[in-house]
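Read-outs: derived from the displayed coordinates by stated rules, not from any lab. Note that the coordinates shown come from a computational prediction; the quantities given were computed from them, not determined experimentally. With ideal geometry, Cβ positions are generated from the backbone for all residues, glycine too; neighbour counts draw on all protein chains shown.
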Amino acid sequence: MKKELKEIQITDYGYSGEGVGRIDGKVCFVNNALKNEKLLVSIIKENSSYMKGEIVQILQNSPDREKPPCKYFGHCGGCSYQHLSYEKELEIKKEILRARLSKIGYNNQINLIPNPNPYNYRNKIKLFVCDNKIGLKKRESSVIVDIDKCLLVDNLINNAIEKIRHFVEQNNKLVENIVLRQENSQILINFILKKDVKLDYSSLCQSLGDNFGILQTYKGKIKHIFGLNSLKVNEMGLLAEFNVDSFHQVNNFLTKDLFLKVIENIKGDRVINCYSGAGILSGILAKSCEKVVGIELGLSEHKDAEKLKRINNLLNLTNICGDCALKLTSVQGDFNTIIVDPPRAGLDKKVVDAIINCKRCERMIYISCDSSTLTRDLNILKKCFSMKEVYLFDMFSRTSEFETLVILDRIKT
Ligand SMILES: C[S@@+](CC[C@H](N)C(=O)[O-])C[C@H]1O[C@@H](n2cnc3c(N)ncnc32)[C@H](O)[C@@H]1O
């Protein structure tokens, strides 16, 4: 069916950084469109409240438009902002956060922490494999865009992608995904398989040099095949090891600054760290606080956090494995600061209630990778907490995402 073509004037940006305008009075979102541009778009989706358009032709360019450095930009769904300068991207992200916060009555100044390296900053990528294609998916689609490298990841990962290609071509019916993770000069490659078979990795191993590890996973069960089995880290004076499937912050350059800002804002010396991951932040806090409790659902992360506790001899750190919604009420006790760093879904209602009822907790630090669920939660918390400071850490440059750090103080009654 021939798609309908329409003209549109872009007047604003949406919450994901897409251009927004109106066609016959109805809101239309257009990916990779810039404010003040006039475009010819094809309508790819329409419902009663909005439309989505795809650029067919730029009729009037914005002076902000730049040539994207990546040849896959616009096809691959990974990046949203390579068509404009990094400074403009930061302005848009700051405006998105400002608009969201002001909707719930917060008008604090937003402290912006840019990424010192807007490219080659990621230590992890998950690639999809199908019919000899290795790559990332198109936005809102299951179509794989074949890539030879990704400009967002560390070059060690890109070198490995180049070497993996031949191996995957030989085994493409068996491999579903490939996860590559890097830490300094170490690299782990995890092949997620469609069948429970052992592949022949010998020539791949020969081509990869040293300081790498190969693992394969079938139905969630990870098997170590060759070389490194985990990534060793020395972060802020702590020794740690991460399993290939444990959560770790993906930005090689801003994570330390994010953690330092958290530490700077701790009140008192008894801290609960909810959604604590592999325990790095809990471990750093345990060095200066009297008592730290970390709560984490993932078993792999919990095991890493326990190892970190053991290696660094942190006797004042307790790692609890479980759902924060169930565990927080039983441990909240007399803690002064609660930190939360939930996944995109934000806080469970039970977690919000437990924090509100934890009357001794004077300070809350909320780290969020989704400003929509963050503002949903802050809107409930605002009856008990006032906002002291807000920081936008640009941990995911060139993509539509960013990290927000909010410092909240309990309102004295
Ligand atoms: C955004 S990560 C933050 C990790 C950690 N704060 C860090 O900086 O490395 C969110 C973590 O929450 C964990 N998680 C998800 N749902 C959870 C739940 N209901 N209760 C506890 N932890 C959960 C995930 O496994 C993940 O490790």
Original post:
With each run of n ≥ 4 DSSP H residues scored as -39500 (n - 2.57), what mean residue ellipticity at 222 nm is computed for the chain after dividing by its residue count and rounding to the nearest 500 deg cm²/dmol?
Top reply: -7500 deg cm²/dmol
Subject >> region 342-413: trypsin sites (Lys or Arg not before Pro) falling in loop per DSSP and having at most 14 other Cβ within 10 Å >> reply: Arg344, Lys359, Arg360, Lys383, Lys412
Original post:
What does the charge count near Asn265 come to, summing +1 for each Lys or Arg and -1 for each Asp or Glu among other residues with Cβ under 11 Å from its Cβ?
Top reply: +1
Subject >> Relative exposure of Leu152, Leu228, Leu199, judged by other C-beta atoms within 10 Å (fewest first) >> reply: Leu199, Leu228, Leu152
Original post:
Which value results for Rg/Rh of region 332-413 when Rg is the Cα radius of gyration and Rh the Kirkwood radius based on the inverse mean 1/r?
Top reply: 0.98
Original post:
Quick one: of the DSSP bridges fully inside the chain, what percent are antiparallel, nearest 5?
Top reply: 65 percent
Subject >> Residue exposure sequence - Cys321, Cys274 - by fewest surrounding Cβ within 10 Å >> reply: Cys321, Cys274
Subject >> Rg(Cα) / (2.2 N^0.38 Å) computed for region 124-231, rounded to two decimals >> reply: 0.99
Original post:
Per 5 Å bin, what is the whole-percent P(r) computed from every C-alpha pair distance within region 1-65?
Top reply: 4, 20, 35, 26, 11, 4, 1
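Once the piece of chain linking Leu5 and Asn155 is laid out straight, how much longer is it, given 0.36 nm per residue of separation minus the C-alpha distance between them?
In short, 50.0 nm is gained.
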**OP:** Obtain the nm distance between the two label points defined at Lys232 and Ile43 by a simple spin-label model: each point lies 7 Å from its Cα along the Cα-to-C-beta direction.
**Re:** 6.1 nm
Original post:
Once phi is turned into θ = phi - 60°, what whole-Hz ³J(HN,Hα) does the Karplus curve with 6.51, -1.76 and 1.60 give for every residue of region 289-299, x standing for Gly and Pro?
Top reply: 9, 6, 9, 10, 10, x, 10, 9, 6, x, 5
Subject >> Table column - 3J(HN,Hα) (Hz), region 218-231, Karplus curve with 6.51, -1.76, 1.60, x for Gly and Pro >> reply: 10, 6, x, 8, 9, 10, 7, 9, 7, x, 4, 10, 8, 9
Original post:
Dipole size in debye (nearest 20) for region 124-231 around its Cα centre, Lys and Arg Cβ +1, Asp and Glu Cβ -1?
Top reply: 420 debye
Subject >> Relative contact order %, the chain, counting alpha carbon pairs below 8 Å whose residues are six or more apart >> reply: 12 percent
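I want the local charge near Asn120. Using Cβ-Cβ distances under 14 Å, sum +1 for each Lys or Arg and -1 for each Asp or Glu among the other residues.
Numbers: positive: Arg122, Lys124, Lys149, Arg398; negative: Asp154.
Here the charged neighbours net out to +3.
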Original post:
Quick one: what Rg and Dmax do you get for region 74-172 from the alpha carbons, in Å?
Top reply: 17.6, 57
Subject >> Rg(Cα)/(2.2 N^0.38 Å) for the chain, N = residue count >> reply: 1.06
**OP:** When a/c is below 1.5 the answer is rounded, else prolate if a/b is larger than b/c, else oblate, so apply that to region 177-282 with a ≥ b ≥ c taken from the square roots of the Cα gyration tensor eigenvalues.
**Re:** prolate
Subject >> Ranked Met387, Met236, Met395, criterion: other C-beta atoms within 10 Å, fewest first >> reply: Met236, Met387, Met395
Original post:
In the neighborhood of Lys219, defined by Cβ-to-Cβ distances under 12 Å, what is the net charge if each Lys or Arg adds +1 and each Asp or Glu adds -1?
Top reply: +2
**OP:** Take the alpha carbon gyration tensor of region 288-363, find the square roots of its eigenvalues, order them as a ≥ b ≥ c, and report rounded if a/c is under 1.5; if not, report prolate when a/b exceeds b/c, else oblate.
**Re:** oblate
**OP:** Could you please state, rounded to a whole Å, how far the C-alpha centre of region 350-385 is from the C-alpha centre of region 258-322?
**Re:** 19 Å
